[in-house]
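Colleague: Sharing a structure here in structure tokens format.
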Amino acid sequence: MIGALRHACPGSRAAAFVLSGLQTMTNEVKSAVRVIQILEYFDTVRREAGVLKISRALGFPASSTAGILRSLQRLSYLVQDEQRLYRPTPRVTLLGSWIDPLLAHDGPLMALMSHLSKATGETIILALQVDAGARYIHIIPSTQRVRLHVNVGDVRPLLTSGTGRLFVSTMEPDQVRCAVFRHNALRGANEPEINLSTVTRDATQIRKNGYATSLDRLVPGVGIIAALLPEREGTRPMAVAVGGPSVTIRARTAELASLLREGIGQYLPHLGNAGDQS
């Protein structure tokens, strides 16, 4: 790139350095514009699309398009299926929901989270399955003095968190085996090895219960209970969770599980039978 700049802008090394800096800034702006154009493209076509189709439709270089799509996938704004086609995730939907509060509040998913917030007073979390685990994509903070503090964009590990284990319960045995192998191969020196049979047993129990709990697992004193949202074709699994002090989650497990099950059935009945996790 610098060689091309020197050819286009001949002169001193200092001038070439300044021009290369300006060109880098221009490329950053260009990439930002392309990100928006790609998201707007999906909004227009409303279906999956591959790298070449997107690059041709928008007139972008294929290499640049592929790089942007991979970056958006890593950030959980896009998901890629087995045919290597991309489509936006619900995180894109939520990105600007604050701009029109009426629209956000009228949506059944936001209504569900608001209902759970009022009923429990605890932190309500919307999580999306990503390769690394569970990414928090929307949060309603707790109204309690002692509360769980989490941020949108936080990622919890697949095998050692409540929402992560919930997503594991939806995976095929080969996928679970691979996840355990990968975790153990990459774990830190002081991190204990995870046993496949334990993960499999937990997944079976989660499917039976219809929810997953995590008490003092990642952070002492913190607990969470999570339930899957009804499965939708072409999207990654999502979950809604209630988080707070572990003593509270432990004492209210049955009540919170009932609130999750009944709330999902009430606010999202059009997505399927929310109570059946088996």
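Colleague: With a cap of 14 neighbouring Cβ atoms within 10 Å, and only residues DSSP puts in a loop, list the trypsin sites (Lys or Arg not before Pro) found in segment 41-104.
Modeller: Values: sites: Arg46, Arg47, Lys53, Arg56, Arg70, Arg74, Arg84, Arg91; in loops: Arg46, Arg47, Arg84.
When the trypsin sites (Lys or Arg not before Pro) of segment 41-104 are filtered for loop state and at most 14 Cβ neighbours within 10 Å, Arg46, Arg47, Arg84 remain.
Colleague: Give a residue-ordered list of calculated ³J(HN,Hα) values for segment 234-247 (Karplus: 6.51 cos²θ - 1.76 cosθ + 1.60, θ = phi - 60°; whole Hz; x for Gly, Pro).
Modeller: Running phi through 6.51 cos²θ - 1.76 cosθ + 1.60 with θ = phi - 60° gives x, 10, 6, x, 10, 9, 10, 9, 10, x, x, x, 4, 5 Hz.
Colleague: Among the lysines, which fall within straight-line cross-link reach of Lys53, defined as a Cα-Cα distance under 23 Å, with same-chain neighbours fewer than 8 residues apart omitted?
Modeller: Result set, ordered by chain and number: Lys30.
Colleague: Counting other C-beta atoms within 10 Å, which of Tyr136, Tyr41 has the fewest, and how do the rest follow? Before the final figure, lay out the partial values.
Modeller: Working: Tyr136 22, Tyr41 15.
By the 10 Å Cβ count, ascending, the order reads Tyr41, Tyr136.
Colleague: Taking N as the number of residues in segment 67-218, what is its alpha-carbon radius of gyration divided by 2.2 N^0.38 Å?
Modeller: Values: Rg = 17.0 Å, N = 152, 2.2 N^0.38 = 14.8 Å.
Against the empirical 2.2 N^0.38 Å value, I get 1.14 for segment 67-218.
Colleague: How about Lys208: which aspartates and glutamates have a C-alpha closer than 14 Å to its C-alpha, ignoring those fewer than 8 places off in the same chain?
Modeller: Within the straight-line limit of under 14 Å, Lys208 reaches these aspartates and glutamates: Asp276.
Colleague: Segment 171-241 to segment 129-166: how many Å between their Cα centroids?
Modeller: If you average the Cα positions of each part, the centres end up 13 Å apart.
Colleague: Moving on to the next point. If Lys and Arg each add +1 and Asp and Glu each add -1, what is the summed charge of the other residues whose beta carbon sits under 13 Å from the beta carbon of Arg91?
Modeller: Numbers: positive: Arg74, Arg87, Arg135, Arg236; negative: Asp154.
Summing Lys/Arg as +1 and Asp/Glu as -1 gives +3.
Colleague: On to the next question. Which value, in debye to the nearest 20, describes the size of the charge dipole of segment 41-189 about its Cα centre when Lys and Arg Cβ atoms bear +1, Asp and Glu Cβ atoms bear -1, and nothing else is charged?
Modeller: 320 debye
Only the coordinates and a few stated rules stand behind these numbers; no lab work does. Treat the numbers as computed from the prediction; the structure is a model and nothing was measured. Cβ: placed from backbone, ideal geometry, glycine included. Neighbour counts: every protein chain shown.
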